[in-house]
């Protein structure tokens, strides 16, 4: 870029709070026409909030948005779309039973002379877009029959067909294979040449390094730095992303775990989709972390162990005994409990009471002769409410009336009721406040100390580092490397907060390395 | 779950929307008692008639409460009841009353297992499975009976199944009490009932919790067909014959009774007591409208309007 490119988007002084928590604090963000601009930051840094502000989903409390030289008239999705802002959706906004062309022009179909929808015209225009981008997607194909990569390209073509001048891509590569990512990049470079501004969000530093021109890093709702990518090597990026956070976690004492016998052992376990040939051992008294990006197979591994998606090959052994886990009930019988990632659908029944949810996994055990022992239900619920300090008006209130953190405690309580020896927690602190987070991490440590084996999955590295004794790094469904928590510590560093940041940087680097090994294997 | 039965009086009125069915029942009863007193509404015979006319709906609606609570639906109950009247009547003529009872139960079991198998193993939604079964059951009933009524010549059978009475109290009232009692305890107190509510309330969470949700759905559909067969046996006993037309269209009244009583069409929430009151309310309305001297066409319109009003009032939103 020689001549200064025109500014496509200028956001100045954007602030936004949710229930007293400042998600964005006086953030400036500027994207030029014809550049790929990476937006980076850890979980909770404010990336998705600022994108939603730009997209008109959230109304900022302060600040101004100028698109293509004109101030945005209103903070609504319609106004944003009219200004030429388009965004891909993680959950795919495509209708599987319609064709690619029909999806691209949905609600904007061309009409023929009699006012009927002219599908042939849609096909022609869709083909023109794909031709322009030199990618091969059949406009006649049903979206339901496409692979993830082609769906993603269709999604993007839909955005382009609306004459988008600003294209927001939120983790577009998560569902894509390596060759599809390549194709996407070719596509993006072409768009760029046409002067479209592209905002690219990804956790994969290697991708960022390859596609972006500039990057903006956010941390704790604040703007940290905007710089050309040439000035941001990966380790510098990670340093800016990690920064000085993790307050409230650093003070959780890790304590020395006394590792006991092997509780759970996996040998070459392969699931229906993921994971692939994963082997590891979990000992009594330890917390094992699973680290990796979205789609690395961490949650799939948890579902395999818990019998939700039974393994198709490999062996699972509990205390040295080979076991077969075909259904969730098998896993529960073997003392395995999974606190699942999607709390609202997989964890609880929101409309049912706290007590009913707590006993859901043990109905059989507390129903002698088929009749539920109701005093026992009350006793179990009260005990767990007390033990986990669940804040609820009563055990008879619907779980939906509780806060996120307390709902999560109900899920954890429900599984503790089964008296598991092996407890798996998948993103146990997602979407809950920092106070409850520290409480849950502390609970995890206590459970391990009481002789259980605990597996924790988390995208927040500081959390993994605080909770775990060992960390398994996963990428693309495979176990990449088992790290001892102590290895990640710098013996020179004495300040606990700095030590945690240093460890987080190292773990980040390991995760990114695992990814690049995967690409090398494929490439 | 509705807490109506256990909540103190204050909470009862605070949650008036949830308890609209009980309030509505009393209000309608009082209105009819005042306006139709001279036409014999409060005559004990008339009140017992309401019970006789609603018994079969009530029996089927109790099972429907389980089906809806599990997040499924059964549209075949009316047709299955009709089929059962025919199989029972035919079996009695060759094998006596006991054979009739067995034939009725076998009819319910066979249809229910087929519905359950199609829904849980083949994966056809229960709405479609049971819609198809509605036609199949009626067709089979017409075919094996040659569309003619099959008389039942066993006074003992007729007495037990719907025709008899103990003093002034019709045997049908005992059947309602029996089915309602078992249903209420099973839904509120048994492990099975909890699993049914969990399956309908959040199928994924229930499955993650180790509940075999497919088996629960299978069982509620079997339960529903067996209840429909029992209702058919009661029809047959009361009318001393088996006819394919018996029970025709009952599925709508049965579902309306459960929904009026506070059972959610979307699963996870159900109450047997509410369902019984809902069934009685439908009977009450039918009876009152007849006593008012409305024509059948007018009755249909009035009944539909009252049901819509009651369900609309019980909705939480707005």
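The values are calculated or read from the model by the stated rules, or taken from the named source; none is laboratory data. Not measured: the values here are computed from a predicted model. Cβ placement follows ideal geometry from the backbone for every residue including glycine, while neighbour counts extend to all protein chains displayed.
Before moving on, here are some points about what is shown:
- Scanning the stretch B:169-190 for residues that are in contact with a helix residue (DSSP H, G or I) (Cβ under 6 Å, 6 or more places away or on another chain) and at the interface with chain A (Cβ under 8 Å from one of its Cβ atoms) yields a single hit, B:190.
- Of all the criteria given as (1) in contact with a strand residue (DSSP E or B) (Cβ under 9 Å, 6 or more places away or on another chain); (2) free of Cβ contacts under 8 Å to residues at least 12 places away in the same chain, the one not satisfied by residue A:321 is (1).
- Flag if residue B:162 is under 26 Å from residue B:178 (Cα atoms), modelled with pLDDT under 95 and not in a loop (DSSP other than H, G, I, E, B): yes
- Exclusive hit being farther than 22 Å from residue B:246 by Cβ, in contact with a helix residue (DSSP H, G or I) (Cβ under 7 Å, 6 or more places away or on another chain) and not in a helix (DSSP H, G or I), set B:41, B:25: B:41
- Among the residues listed as B:110, B:91, the single one being surrounded by 20 or more Cβ atoms within 10 Å (Cβ to Cβ) and modelled with pLDDT of 95 or more: B:91
- Any hit, the stretch A:261-281, residues being modelled with pLDDT under 85, surrounded by fewer than 21 Cβ atoms within 10 Å (Cβ to Cβ) and either more than 21 Å from the chain's Cα centre (by Cα) or farther than 30 Å from residue A:326 by Cβ (or both): no
- Any hit, the stretch A:408-425, residues being modelled with pLDDT of 90 or more, over 21 Å from residue A:308 (Cα atoms) and more than 9 Å from chain B (Cβ to nearest Cβ): yes
- Members of the stretch A:455-500 that are buried (at least 20 other Cβ atoms within 10 Å of the Cβ) and more than 18 Å from residue A:290 (Cβ to Cβ): A:500
- Matching strands (runs of 3 or more DSSP E) fully within the stretch A:1-81 where at least 1 residues are more than 23 Å from the chain's Cα centre (by Cα) and in contact (Cβ under 8 Å) with a residue 60 or more places away in the chain: A:7-18, A:21-32, A:62-67
- Boolean, residue B:193 is in a helix (DSSP H, G or I) and either touching a helix residue (DSSP H, G or I) at 6+ places or on another chain (Cβ under 8 Å) or within 14 Å of chain A (Cβ to nearest Cβ) (or both): yes
- Subset of the stretch A:131-156 (residues that are modelled with pLDDT of 85 or more and in contact with a helix residue (DSSP H, G or I) (Cβ under 7 Å, 6 or more places away or on another chain)): A:137, A:138, A:139, A:140, A:141, A:143, A:154
- Within the stretch B:201-212, residues that are facing another protein chain (nearest Cβ under 7 Å) sit with their Cβ atoms under 7 Å from residues that are in a helix (DSSP H, G or I) and modelled with pLDDT under 90, at 6+ positions apart or across chains, in these pairs: B:202/A:345; B:204/A:345; B:205/A:345.
- Subset of the stretch B:200-212 (residues that are under 16 Å from residue B:268 (Cβ atoms) and surrounded by fewer than 21 Cβ atoms within 10 Å (Cβ to Cβ)): B:204, B:207
- Tallying residues that are surrounded by 13 or more Cβ atoms within 10 Å (Cβ to Cβ) and either over 13 Å from residue B:235 (Cα atoms) or out of contact with any helix residue (DSSP H, G or I) (no Cβ under 8 Å at 6 or more places or on another chain) (or both) within the stretch B:157-168 yields 1.
- Elements of type helices (runs of 4 or more DSSP H) in the stretch A:308-407, at least 3 residues being touching a helix residue (DSSP H, G or I) at 6+ places or on another chain (Cβ under 8 Å), at pLDDT 90 or above and surrounded by fewer than 18 Cβ atoms within 10 Å (Cβ to Cβ): A:374-387
- From the list B:270, B:242, B:262, the lone residue that is within 14 Å of chain A (Cβ to nearest Cβ) and at pLDDT 90 or above is B:270.
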